[in-house]
1. Please compute the average number of Cβ atoms from other chains found within 10 Å of each residue's Cβ in peptide B:69-77.
2. Leaving ligands, DNA and RNA out of it, rank A:Met221, A:Met1 by accessible area with a 1.4 Å probe, largest first.
3. Averaging over all projection directions, find the projected area of the Cα convex hull of region A:39-284 and quote it in nm² with one decimal place.
4. Report, for region B:153-276, the % of DSSP beta bridges that are antiparallel, rounded to 5.
5. So how much slack lies between A:Gln88 and A:Thr179, counting 0.36 nm per residue of separation and subtracting their Cα-Cα distance, in nm?
6. For a label point 7 Å from the Cα of A:His114 along Cα→C-beta, name the residues of region A:139-157 whose backbone N is under 15 Å from it.
7. Beyond a 21 Å Cα-Cα separation, which of these cross-linked pairs lie in this structure: B:Lys95/B:Lys115; A:Lys6/A:Lys341; A:Lys155/A:Lys194?
8. Just checking the output field for B:42-51: average partner chain Cβ neighbours within 10 Å of each residue's Cβ?
Amino acid sequence: MSHPTKASEFLQDAAKAKWHDETLWFVRDKRDNISKTIPEWEELRELASQIKDNVLANLETYLVEFEKNAKANNIHVHWAKNAEEHNQIVLGILQNHQCKAIVKSKSILTEECHLNPFLENNGIEVVDTDLGERIVQFLNQPPSHIVLPAIHLKKRDISELFHEKLQTEKGNEDPTYLTHAARIHLREKFLGAKVAITGVNFGVAETGEFVVCTNEGNADMGVHLADVHIACMGIEKIIPRRKDLGIFLRLLARSATGQPITNYNSHFRSPAPGKEIHIVLVDNGRTEQLGREKFKNSLKCIRCGACMNTCPIYRRSGGYSYGSVVPGPIGSILSPGLDVKKYSTLPFASTLCGSCTDVCPVKINIHEQLYEWRQEITKAQGTNTKSISMKIANGIFAVPFAYKITGAMMRGALKILPDSITYSGLNIWGKQRDLPETPKETFKDWYKKNRK
Amino acid sequence: MFVDILAFNVQANIFQYLNIHKYRIHKMPLNKKIGLFIPCYVDQFYPNVGIATLELLEKLGCQVSYPMGQTCCGQPMANAGYEWDTIGTTKHFLKTFLDYDYIVAPSGSCVLHIKDHAPAIPGMEKEQESLHQKIFELTEFLTDILKVETLHGSFPHRVGFHASCHGHRGLRLGSCSERNEPFYSKGKQLLEQLDGLEWVELTRTDECCGFGGTFAVTEEALSVQMGKDRLEDHLTHGVEILTGGDISCIMHLEGIAKRNQQPLEFMHIAEILNQAIS
Ligand code: SF4
C-alpha cells in the first residue's frame, strides 16, 4: 500500500493524529532546547559528520582493525553478508549452547533482518526487553519509531494490553503501575535466558570494544545474567577512536530524547571469565549503498530518531505509513536502496522542507537525498513530463504515482493541461481547498499594457 | 499627436523621477539592470504579487524589466522527479536572463530551484555559475543588496509570517529553529520597518505548511492537515494578515482557510511593503 493511502487512514482518527503530532513535537522541542544549551552544538555536528565521512571512506581498514582488536579481547567475530546469513549465525550460536529462550534489547538491525520470526520458527522464545519493544511484540507489531517503538499507542491501549497479557487491573492506566508490572514480567525472562542479544551503537576500531546505549538498563541486565552475549552490528557503526565517543554520545542523547546523556552507555570490551561475547558484523545492502555516490552518506546515521520527531509528515502519518523497518525521513532514503519498486512512494512522502537535514546530528542531507531518489525513481519508471501530462489530459490515470495529479498549479507549470481537468470532478486540489480566483489578466498581460 | 506623446513622455519621466526621490532612501544601484522573474503560478494566478514586486523595486529606485520570453523555471517538474526533463527549460531560463546584473523573484522556492536543482547545461557552465550568484529572492535582495533599512510607511495590522521552507531552510532567509544560531529573519527585518505593524510570534515558528508542489495533490490528506495546523497557530495568536515570501504556500493556506471560512487575510510580503510605502 502506498504512503498516501496509509497516511490518510492514519488521519481518519483526527484526535489521535493530533496527539501523535504533539507528542513527537514535544520531543523535538526538548531536543531544540537542550541543544541550545551547548554553544558548540553546530561544531559537534560538523565534527561528527566529518568523522563519519572518514569512516565511510576507510570502512574496510577500520573494520579489519576492529576485528583484530576485538579478537585480541577474546570476542568471537562473525561476518554476515545479508540478513539470512546473520540469522543463521545467531541460530548457530544458540544451538551450540542448547539455548531455547533469549532476551534481546533494542536492535533495529535485528528488526531489519527479521530475526524474531526466524528464531521463533526455529523453536526459540524471543523476549524483547525494552519496554516499548515488549509492548509492540505483545501486539505482534513492528516498532513504529526507532527510539520510541510504541509511540503510536496511548496509555489506555497499553493498559488494556497489559490487562490481557500480564493480568494487570482492568482500567488502571497509571504508568508507574504498568511499568512495575512489566518489570516483574521481564525479570522472570531475564533470569531464564542463557543468551542475550543486543544491538550496537558504536564499535570502536582502536580498541575493539563496543557501546550499547539504553535508557532502561535492559541491555546490561540481559547481558550480565546470561552466559553468552551476541551483539549484532551493522558495519557502518564503526568509529575510529574511543575519544570520538565523547562527540557521538553527547549528540545522540540530546538529539534522541533531549536528555543530556543516555541513562546507560555500556561499554563491552571482553567477556567475563567463563562467558562469551560474539559480534555479528552485518552488511545486508550497506556496501551497495556505499557504492551509490549520492546516497552513501545515509550510512552516517546514528539512529537517534530526531528526523522522525521533526518530520511534519511522520508526525501526522505515523511510523507504519512507511511500511519499512526504518520509517521517517531516514527510512525514506534507506529503503529505496533495498527495493526501489516497493518503496517508490517514500521519497515523495515529503515536502522537501529540509527540517530533517537541519536536525540531523551527523548532518545527513536527507531532503536532498529524497529529491535525488525521486529522480532515480522516475527514470526507473521510464516516464517523462510530456507523456504524463498527455495521459492526464486524456483522462487516463494509469500513470505513476508522482503524477497522479490534477491541480491548478500544474496548469501554469505544464501549460498543457486543459481547464476541464483543473475543474473536473478529479480536482484533488479542490477537495478541501478553494482554488484561487482566476484573475482577469496575467501579469504578463498587465506588463504589456502598463510598462511597454 | 506627436507632440502629445512627447509631452506625455516627459511628464511620465518627471513623475518617475519624483517617485524615485520620494522613496529613494539608500544608494540604489540605479545603473544596474534588474530582471524580474515572475514564477508561472504568480503570473497566472497572482498578477498582483508580480505588480507589487515590480512597483516596490521601482519605488526603491531600481531599473527593472520583465523579459517577456520567460517561462516556468522547471521547479514543479524537478521536484516531481523529472529534473532531467527540464534541460530545455533551464537553458531557456539562462538565455532569457543572461544580460541582467541581478534577477529578482518574489519566490524563494523558484530561486532555490534555479540555484540548487536546475540541471547543468553542458557548455554553459560559466553562465550558469554567474546566474547562481546574481539571482535573489525578493526579501534577500532588499536586505542584502539594496540594504533597505528605513522604509517609510505604515501598516497597522497584526501580521503572521509564514516562513516558506525552501526560502527559509534552502536560502536561509531566516534562522532555522533546528539550528543553534542567533535569531534573524529577513522578512521581519523589512516588515518591522513599517509603522504600526505588529509582528506576531507563533508557537511553531517555521513548520512546513504542507504545500510541497505535487505533494499538495499526491498526499492530499496530509497536505491539508498540515495546512490546517499552520492556520490554527496563526489564528490562536490573533493574526489578522498572514504573509510570506512564497505565494504557493499562501495559495494553499488561503484555499483551506476560505473553504473553512476562517477569518484570515492573505498577502504576499511584496504586497504589504508596496502598499504600505505608497
Ligand atoms: S538520519 Fe540523522 S536525525 Fe535521522 S535518525 Fe539518523 S542520525 Fe538521527
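The values are calculated or read from the model by the stated rules, or taken from the named source; none is laboratory data. Fair warning: this is a prediction, and the values are worked out from it, not measured in the lab. Using ideal geometry, Cβ is built from the backbone for each residue, glycine included, and neighbour counts are taken over all protein chains shown. Heavy atoms of the whole protein, side chains included, go into the accessibility calculation; ligands, DNA and RNA do not. Shrake-Rupley method; radii C 1.70, N 1.55, O 1.52, S 1.80 Å.
1. Values: counts 0, 1, 3, 4, 1, 2, 1, 8, 10.
Taking all residues of B:69-77 together, the mean is 3.
2. A:Met1, A:Met221
3. Details: hull surface 53.9 nm².
Taking a quarter of the hull surface, the average projection is 13.5 nm².
4. If we restrict to bridges inside region B:153-276, about 10 percent are antiparallel.
5. On the way: separation 91, 0.36 × 91 = 32.76 nm, distance 3.38 nm.
Contour length minus Cα-Cα distance gives 29.4 nm.
6. Inside the label zone: A:141-143.
7. A:Lys155/A:Lys194
8. 6
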